[in-house]
Number of protein chains: 4
Amino acid sequence: MAGNSFGNLLKITTWGESHGPAIGAVIDGCPAGVKVTEKDIQKELDRRRPGQSKLTSPRNEADKVEILSGVFEGRTTGSPISLMVKNKDQKSKDYSKIKSVYRPGHADFTYDAKYGIRDYRGGGRTSARETIGRVAAGAIAKKIIPAIKINAKLLKPTAKLIDKAKKENDSVGGLIECTIKNVPPGLGSPVFDKLDARLAHAMLSIPGTKGFEIGSGFKCVEMKGSEHNDEFQIKNGKVLTKTNHAGGTLGGISNGMDIVFRVAFKPTSSIALKQQTINNKGKKEVIEIKGRHDPCIALRAMPIVESMATLVLADELLIQKTI
Amino acid sequence: MAGNSFGNLLKITTWGESHGPAIGAVIDGCPAGVKVTEKDIQKELDRRRPGQSKLTSPRNEADKVEILSGVFEGRTTGSPISLMVKNKDQKSKDYSKIKSVYRPGHADFTYDAKYGIRDYRGGGRTSARETIGRVAAGAIAKKIIPAIKINAKLLKPTAKLIDKAKKENDSVGGLIECTIKNVPPGLGSPVFDKLDARLAHAMLSIPGTKGFEIGSGFKCVEMKGSEHNDEFQIKNGKVLTKTNHAGGTLGGISNGMDIVFRVAFKPTSSIALKQQTINNKGKKEVIEIKGRHDPCIALRAMPIVESMATLVLADELLIQKTI
Amino acid sequence: MAGNSFGNLLKITTWGESHGPAIGAVIDGCPAGVKVTEKDIQKELDRRRPGQSKLTSPRNEADKVEILSGVFEGRTTGSPISLMVKNKDQKSKDYSKIKSVYRPGHADFTYDAKYGIRDYRGGGRTSARETIGRVAAGAIAKKIIPAIKINAKLLKPTAKLIDKAKKENDSVGGLIECTIKNVPPGLGSPVFDKLDARLAHAMLSIPGTKGFEIGSGFKCVEMKGSEHNDEFQIKNGKVLTKTNHAGGTLGGISNGMDIVFRVAFKPTSSIALKQQTINNKGKKEVIEIKGRHDPCIALRAMPIVESMATLVLADELLIQKTI
Amino acid sequence: MAGNSFGNLLKITTWGESHGPAIGAVIDGCPAGVKVTEKDIQKELDRRRPGQSKLTSPRNEADKVEILSGVFEGRTTGSPISLMVKNKDQKSKDYSKIKSVYRPGHADFTYDAKYGIRDYRGGGRTSARETIGRVAAGAIAKKIIPAIKINAKLLKPTAKLIDKAKKENDSVGGLIECTIKNVPPGLGSPVFDKLDARLAHAMLSIPGTKGFEIGSGFKCVEMKGSEHNDEFQIKNGKVLTKTNHAGGTLGGISNGMDIVFRVAFKPTSSIALKQQTINNKGKKEVIEIKGRHDPCIALRAMPIVESMATLVLADELLIQKTI
């Protein structure tokens, strides 16, 4: 209701601010008996944290996950799984100037408008660190659907473009394509919770996303029905379609083909160039956001895209057991 | 949970199949004292029904709505509002052949895969008639947010292209842009229920949609941060941004600018041209879908897009009252 | 959220007022392929309607149920099941005087306080006719758990006491005991959704209830642990307990013993005797509630108690499939 | 869904096992700007922890709460509030024998039946330590409804009876009455989420409870309508009733009178006397549960009863803002 939870049967709630004592997630509804270790989760977290390559920001945090509940002797017990990562290396002073200034592209103004109060340190609740909980939860969800393979890759920009943006103290957008293989036909719910709709929801909930398309996506606008319709056939004893403009779903339910979708990420909002803005009194300000910022947020977003897709698929697999 | 409901505080549940006795919706959580008449709802329903222009399908149904509960002496009482439209003019025989054949682009196969049973008459639950309940509910939600103006327009295709597709017994995709004006800053929820995420969910739940983008959308991929960031300014005493690449939200919360998003609709799947397919025994079949079908589903989708957006906005307005 | 829905995976939403055009329920989440006919539902509805014996009120309504969706060729399809009963024999004039007078024991005042508007005809939304939807839904839920047997019986009062109350233009309370047999161990959820907690919720949601107890119930207050603890044993190869003070659950989860609970019903609030009260302007009034009213609401409540228990059990059975 | 959350708009999720690293709760939906300190929460926790009097168990734990998120400079921010209490003084070895033996009155068997795996150390998830999260959350909810006063008192047993039970290595049940003052008329939801129903749900979710009654409770069974109906009057300009058999609600909605309910607690299941039971192989065992156990669980339950009632009332107050 308040926006911090995702999922129906497999429900994740994330909590925490960038510069609070810790950040974490509670996963409820995970079936009992699933093998999970801190190492499994850590592996995924390590993929999303900064400092992975010279293209990402140098902020170096261990982001070490602790399992606080719900796992006993290496297996889930059916009780809620509480995961926590302590915040370190916070350099609070770096952020003190943004207390009252609204950074372009950030949620400073809108959180003030909504709540009348805001933890301004490092973006507070709107920091990308919130996605730590998502990735940790995704690592667990992955164990529920071991046969399904979810991979996301960066289609754009090139390393060269990212490097150029960095040198110019600027940033650049990005495009990620995610492919999900081995999805059995029948996953997804009717009408409002179509698999596409839930994936779109999941993806647009990732900070910095501006668009989602599945299968033919926006190209379908120019296509004819005779072109777009994927004809059914039997292949290796399976019902498959000859083409995959649908992107793996029909009527919001998986059809056994690969699920293929793309997500657009805007350029990083925090840039070191001068920007015009105002403060919370309405006074004009000029801001330069110094510090450690990725020139392209999409670069580190692959594990987040994969985790959110995993959460949707695992949830729908559980729902399917009740039908 | 089962996919037939949408909304948090303002919750709509739709029910009904194309060729059952009736189709409808229950709206729960509508505040008390809101003026609503059957006429208000009928006006919106009349916008979505077929036979509106020579470009849409000639199926002529009254789609007359009845308010069965929740409204007393012209005002909502806070009790659930039950709306019903009886199904008429069903021509059941037209659909008898599709009992066992999987139509390309339709959910026949996936519903069989999911449920093991399917009301095959006229698409059953997956018929576009299901959206009647959404539009009726949207008409009520509109009364909750009278100041907010939601309009959707068809950007593509041209009338000429639609006419051409029709003559060729084919169909064509479409692109709708929706603009929402007068949204106060602060609407939308954090993290998972960002306004963009909920709108994306709502739009991708509409039959035939393949993509959603907000503000700069997929164009942001090629943009730089210095270009994309919307600088804040004070104008007429209000906090506004100079540009609107964000499309009206920051961090998933409305920023007072127009909300602008686009939705891609695939070409109508039902076409009269010959298509290769299989039946539910895996045997090859050739199918020609005769009958009354719009050559472009986007043509009739504007009121559905608007209704779903209205439901999201009204819901978030109610949520905002609790913060 | 707005209070008109019950259940998690198997969700029922009731709608309708006593004197509106109809009353009904939508059941969402019923598994596909369950055999259901209008006759099955009608049989249960006939048990709850008035005019069943000389002890109940003579209002004679057919209460004929119509299945509007979700059932195809005698089986559920997994789509929402919409059930409707048209209101007849309403004698609206009988109720016109209560427009502004607050009847003792009724919700007239509290609905005014909550909503500022109220459908006063026949109790409107608070009429016992709302339970029609519950009983109809219960008839469907019964099909999901065919092995589990749920029976409720009236422990008090005697027929003689009811007859006496009727003759005195008064009413009398009642006590119902419900026994659920053949519950497999393991049903119910931990912590907040204990089976006992959900049954208590379900029972106290029935109009006119004032108490719920399970197993030893309030008698446990005077008992010692050595007395109250049910010792485990193996009997016919099953884990059973020697006594059943627990009433069939431990830690909120069924233990394989009979679930036994009791529900207290207050005396019918509508009585023909003179009562002091006030109207909605705060002015004193004397009221005599003439008309057809049961002298003991518990008399007709057995099918409602059974239906609500059935809904809880069927829901938990579905949840158990996901663990 | 999985049972570890409670509440609609104000939602609490508890996590943690008795002998895991920590135990805690996430509270989502708390309005922004509410003053909260760790001290406020600690005060309530100190009321529930053991070692408070010679009548309760001597296990001495600091139960020191940490606020991990959602509070900034002493005020809530509208973001989820994560609370954690580290587990100490666990004496894991004490519990090693119960690994395979089903303790009478405990959930060992039912958790095995449900999940097929169980954290047996100190009761694991079913330990009364789970209620720490509830009490901590209740302390925050209290700040949302400062005018409403909630108090619970122990009606039974006497200190003498508790002492006697302790000396006999036995235990005894208890009865708690909770009174809620200053509730404005209009709180509570219709039909399924009646205030009484939600309170019953909340109370029966507390470990060891066997019954709930409101107002006249089970006594209403023997009463007549003319006796039970509370007549309305105006007093000090307010609508009040002359008697309060209703216990503060009509039709599930508060009527402005005190809400009065009672909860029955069974005797502590863990007793040092010999008990017959079986193990998880079905073999007979004799068990004596040595260690630190309260002879009467009701003794420490007052803050838990109050916290659960507070959570319900605060939630309904938020809901009322949307109507």
Inset, instruction - Give just the number: which of (1) in contact with an Asp or Glu (Cβ under 9 Å, 6 or more places away or on another chain); (2) under 28 Å from D:Trp15 (Cα atoms); (3) open to solvent by less than 10 Å² (accessible area, probe 1.4 Å); (4) not in a strand (DSSP E or B) does A:Met84 not satisfy? - result: (4)
Legend entry - Extreme residue, least open to solvent (accessible area, probe 1.4 Å), among residues of segment A:237-246 that are over 29 Å from B:Met223 (Cα atoms) and more than 7 Å from every other protein chain (Cβ to nearest Cβ): A:Thr241
Legend entry - Enumeration of residues in segment D:160-176 that are more than 10 Å from chain C (Cβ to nearest Cβ) and within 19 Å of D:Gly208 (Cβ to Cβ): D:Ile162, D:Lys166
Inset, instruction - Kindly provide the set of residues from segment D:219-236 that are at the interface with another protein chain (Cβ under 7 Å from one of its Cβ atoms) and open to solvent by 40 Å² or more (accessible area, probe 1.4 Å), ordered by number. - result: D:Glu222, D:Lys224, D:Ser226, D:Glu231, D:Gln233, D:Ile234
Inset, instruction - Considering every residue within segment C:287-294, establish whether at least one is farther than 25 Å from D:Asn280 by Cα, in contact with an Asp or Glu (Cβ under 6 Å, 6 or more places away or on another chain) and of a type outside the set (D, E, K, R). - result: yes
Legend entry - Unique residue being among the β-branched types (Val, Ile, Thr) and open to solvent by 10 Å² or more (accessible area, probe 1.4 Å) when the list is C:Val312, C:Val260, C:Val305: C:Val260
Legend entry - In segment A:143-154, residue most open to solvent (accessible area, probe 1.4 Å) [restricted to those that are over 16 Å from A:Asp315 (Cα atoms) and not hydrophobic (A, V, I, L, M, F, W, C)]: A:Lys153
Inset, instruction - With respect to A:Thr249, determine if the residue is among the hydroxyl-bearing types (Ser, Thr, Tyr), crowded, with 24+ Cβ neighbours inside 10 Å, within 7 Å of another protein chain (Cβ to nearest Cβ) and touching a residue at least 60 places away in the same chain (Cβ under 8 Å). - result: no
Inset, instruction - Considering every residue within segment A:127-134, establish whether at least one is in a helix (DSSP H, G or I) and over 29 Å from A:Val312 (Cα atoms). - result: no
Legend entry - Filter result for D:Ile140 (in a helix (DSSP H, G or I), under 24 Å from D:Glu66 (Cβ atoms), over 14 Å from the mean Cα position of the chain (by Cα) and aliphatic (A, V, I, L, M)): yes
Inset, instruction - Identify, by number, the condition in (1) open to solvent by less than 10 Å² (accessible area, probe 1.4 Å); (2) modelled with pLDDT under 95; (3) polar (S, T, N, Q) that B:Gln90 doesn't meet. - result: (1)
Inset, instruction - Confirm whether C:Val191 is closer than 30 Å to D:Ile12 by Cα, open to solvent by less than 10 Å² (accessible area, probe 1.4 Å) and either more than 8 Å from chain D (Cβ to nearest Cβ) or assigned to a strand (DSSP E or B) (or both). - result: no
Legend entry - Inter-residue pairs, beta-carbon under 6 Å, first within 17 Å of C:Asn255 (Cβ to Cβ) and in segment C:304-323, second basic (Lys, Arg) and part of a helix (DSSP H, G or I), 6+ apart: C:Val312/C:Arg198
Inset, instruction - Within segment C:129-142, identify whether any single residue is open to solvent by 10 Å² or more (accessible area, probe 1.4 Å) and closer than 18 Å to D:Gly225 by Cβ, and answer yes or no. - result: no
Inset, instruction - Using the structure shown, decide if A:Thr268 is more than 8 Å from chain B (Cβ to nearest Cβ), under 18 Å from the mean Cα position of the chain (by Cα) and buried (at least 24 other Cβ atoms within 10 Å of the Cβ). - result: no
Legend entry - Matching residues, segment C:103-127, being farther than 11 Å from D:Gly251 by Cα and among the hydrophobic types (A, V, I, L, M, F, W, C): C:Ala113, C:Ile117
Inset, instruction - Working only within segment D:217-254, note down all residues that are over 22 Å from the mean Cα position of the chain (by Cα) and part of a loop (DSSP other than H, G, I, E, B). - result: D:Met223, D:Asn229, D:Asp230, D:Glu231, D:Asn236, D:Gly237, D:Lys242, D:Thr243, D:Asn244, D:His245, D:Ala246, D:Gly251
Legend entry - Subset tally (residues that are open to solvent by 20 Å² or more (accessible area, probe 1.4 Å) and touching a helix residue (DSSP H, G or I) at 6+ places or on another chain (Cβ under 6 Å)) for segment A:155-174: 1
Inset, instruction - State all residues of segment B:271-283 that are facing another protein chain (nearest Cβ under 8 Å) and either surrounded by fewer than 24 Cβ atoms within 10 Å (Cβ to Cβ) or part of a strand (DSSP E or B) (or both); if no residue qualifies, say none. - result: B:Leu273, B:Gln275, B:Gln276, B:Thr277, B:Ile278, B:Gly282
Legend entry - Subset of segment B:100-126 [in a helix (DSSP H, G or I) and at negative phi]: B:Asp108, B:Phe109, B:Thr110, B:Tyr111, B:Asp112, B:Ala113, B:Lys114, B:Tyr115, B:Arg121, B:Arg125, B:Thr126
Legend entry - Count of segment C:29-65 residues which are open to solvent by less than 10 Å² (accessible area, probe 1.4 Å), of a type in the set (Asp, Glu) and at pLDDT 95 or above: 0
Legend entry - Candidate set from segment A:4-18 (those that are more than 9 Å from chain D (Cβ to nearest Cβ) and open to solvent by less than 10 Å² (accessible area, probe 1.4 Å)); member that is nearest to D:Lys11 (Cα to Cα): A:Ile12
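Here is a yes/no grid of residues against (1) within 10 Å of chain B (Cβ to nearest Cβ); (2) under 15 Å from the mean Cα position of the chain (by Cα):
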{"position": "A:Lys114", "(1), (2)": "yes, no"}
{"position": "A:Gly122", "(1), (2)": "no, no"}
{"position": "A:Thr126", "(1), (2)": "yes, yes"}
{"position": "A:Thr131", "(1), (2)": "yes, yes"}
{"position": "A:Ala152", "(1), (2)": "no, yes"}
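The values are calculated or read from the model by the stated rules, or taken from the named source; none is laboratory data. None of the values given here were measured: they were computed from a predicted structure. Counting neighbours? That spans all protein chains shown, and the Cβs are built from the backbone with ideal geometry, glycine included. Only protein heavy atoms, including side chains, enter the accessible area calculation; ligands, DNA and RNA are left aside. Shrake-Rupley method; radii C 1.70, N 1.55, O 1.52, S 1.80 Å.
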